[in-house]
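A.B. asks: Sending over a structure as C-alpha cells; questions will come in a sec.
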Amino acid sequence: MGRRRAAREARREARREARTSTDVAALLLRVTIGPMMMTHGLNKVFGPGGIEGTTRWFDGLGFKPAGVHARMAATTEIGTGALLTLGAMTPMAAAGVVGVMTSAAATDHKGKGFFIFKGGWEYVAVVGAVATAIAALGPGRISVDGLRGRPHGSFFRALLAAGLGVPAAQGVLRTRQEPEAAAG
C-alpha cells in the first residue's frame, strides 16, 4: 500500500511541475511577442514619419483608404500585443496577430524570398506561428485568463486563432489594389 501511495504522490508532483513549466513557457512567449507587437503598432503611430508616414507606406502597398488601414494595423498591433502580454482573451488576440502577419506576408514581404534581411517572410511566419502556439498552449495560470479559470489552450483554440486570423487578413487584402510596378 505504501508504494502505491508514493507512486501516486510522485505522479501528482510531476503533474504540478509540468503545469508550472507550461505556465512559465506561456508567460515567456507572451511577454516576448506581446510587447514586440505593441512596439510595432506604436512605431506606426509615433515612429519616424508618424501615422502620416505609415499612411504613405500603406498607400504604396495598395491599401485603400490607406489612412484607415494604417490606423487599423496600428490599433490591432497595439491591442493584440497588450492582450497577449496580459494573457487576456488569448485566442482572439492570437487571431489578431495571425491576421496582421498574414497581411504583412502577402504585401510587404511578398516576392522577397524567405530571409528577413532581404525583406522576406521568415519573421512574420515565426510571429504568426508563435501566436498560434500560444493559443494552443494557452496563456497559463500567470495571466488574466488564468485568473478567470481559463489557463489552458487547445487544438481548437489554435484552429480558432488561425481560422479567424487568416480569413480576416484575406478580407482586408481584398480591399487592396495591387500597386503598379515602378516604371524602369
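The values are calculated or read from the model by the stated rules, or taken from the named source; none is laboratory data. Since we're looking at a predicted model, the values are computed, not measured. Ideal geometry is used to build each Cβ from the backbone, glycine not excepted, and the neighbour counts take in all protein chains shown.
A.B. asks: For segment 116-163, give me each residue that is under 13 Å from Met89 (Cβ atoms), outside any helix (DSSP H, G or I) and not small (Gly, Ala, Ser).
C.D. replies: Listed by number, the residues that qualify are Pro139, Arg148, Arg150.
A.B. asks: Okay, next question. Only one of Val100, Val68, Val124 is farther than 18 Å from Leu27 by Cα and without any contact (Cβ under 8 Å) to a residue 12 or more places away in the chain; which?
C.D. replies: That would be Val68, the only listed residue that is farther than 18 Å from Leu27 by Cα and without any contact (Cβ under 8 Å) to a residue 12 or more places away in the chain.
A.B. asks: State which residue is farthest from the chain's Cα centre (by Cα) when the search covers only segment 34-63 and only residues that are part of a loop (DSSP other than H, G, I, E, B) and within 21 Å of Val98 (Cα to Cα).
C.D. replies: We begin by selecting, within segment 34-63, every residue part of a loop (DSSP other than H, G, I, E, B); these are 47-49, 61-63.
Adding the requirement that they be within 21 Å of Val98 (Cα to Cα) leaves 61-63.
On the way: Leu61: 21, Gly62: 23, Phe63: 21 Å.
Out of the qualifying residues, it is Gly62.
A.B. asks: Hey, does segment 152-170 have a residue that's surrounded by fewer than 21 Cβ atoms within 10 Å (Cβ to Cβ) and of a type in the set (Val, Ile, Thr)?
C.D. replies: Checking segment 152-170: at least one residue is surrounded by fewer than 21 Cβ atoms within 10 Å (Cβ to Cβ) and of a type in the set (Val, Ile, Thr).
A.B. asks: To continue, here is another question. Hey, can you tell me all the residues within segment 46-84 that are in contact with a Pro (Cβ under 6 Å, 6 or more places away or on another chain) and among the polar types (S, T, N, Q)?
C.D. replies: Once the filter is applied, which keeps residues that are in contact with a Pro (Cβ under 6 Å, 6 or more places away or on another chain) and among the polar types (S, T, N, Q), segment 46-84 yields nothing.
A.B. asks: Step by step: first the residues of segment 109-135, then only those that are among the β-branched types (Val, Ile, Thr) and surrounded by fewer than 17 Cβ atoms within 10 Å (Cβ to Cβ), then the one that is modelled with the lowest pLDDT. Which residue is that?
C.D. replies: So in segment 109-135, the residues among the β-branched types (Val, Ile, Thr) come out as 116, 124, 126-127, 130, 132, 134.
Applying the additional criterion that residues be surrounded by fewer than 17 Cβ atoms within 10 Å (Cβ to Cβ) yields 116, 126.
Numbers: Ile116: 91, Val126: 97.
It comes out as Ile116.
A.B. asks: Now for a separate question. Quick one: in segment 41-72, of everything that is over 26 Å from Leu84 (Cβ atoms) and basic (Lys, Arg), which residue is modelled with the lowest pLDDT?
C.D. replies: Lys64
A.B. asks: Could you tell me which residue of segment 106-115 is farthest from Leu61 (Cα to Cα), considering only residues that are assigned to a loop (DSSP other than H, G, I, E, B) and touching a residue at least 12 places away in the same chain (Cβ under 8 Å)?
C.D. replies: Only one residue tops the list, namely His109.
A.B. asks: Which one of these is within 19 Å of Ile33 (Cβ to Cβ) and more than 19 Å from the chain's Cα centre (by Cα): Arg176, Arg141, Arg157, Arg148? Steps first, please.
C.D. replies: Working: Arg176 fails: within 19 Å of Ile33 (Cβ to Cβ); Arg157 fails: more than 19 Å from the chain's Cα centre (by Cα); Arg148 fails: within 19 Å of Ile33 (Cβ to Cβ).
Every option except Arg141 fails the conditions.
A.B. asks: Can Ile78 be described as over 14 Å from the mean Cα position of the chain (by Cα), more than 14 Å from Pro139 (Cβ to Cβ) and among the β-branched types (Val, Ile, Thr)? Can you show your working first?
C.D. replies: Working: over 14 Å from the mean Cα position of the chain (by Cα): no; more than 14 Å from Pro139 (Cβ to Cβ): yes; among the β-branched types (Val, Ile, Thr): yes.
No: the conditions fail for Ile78.
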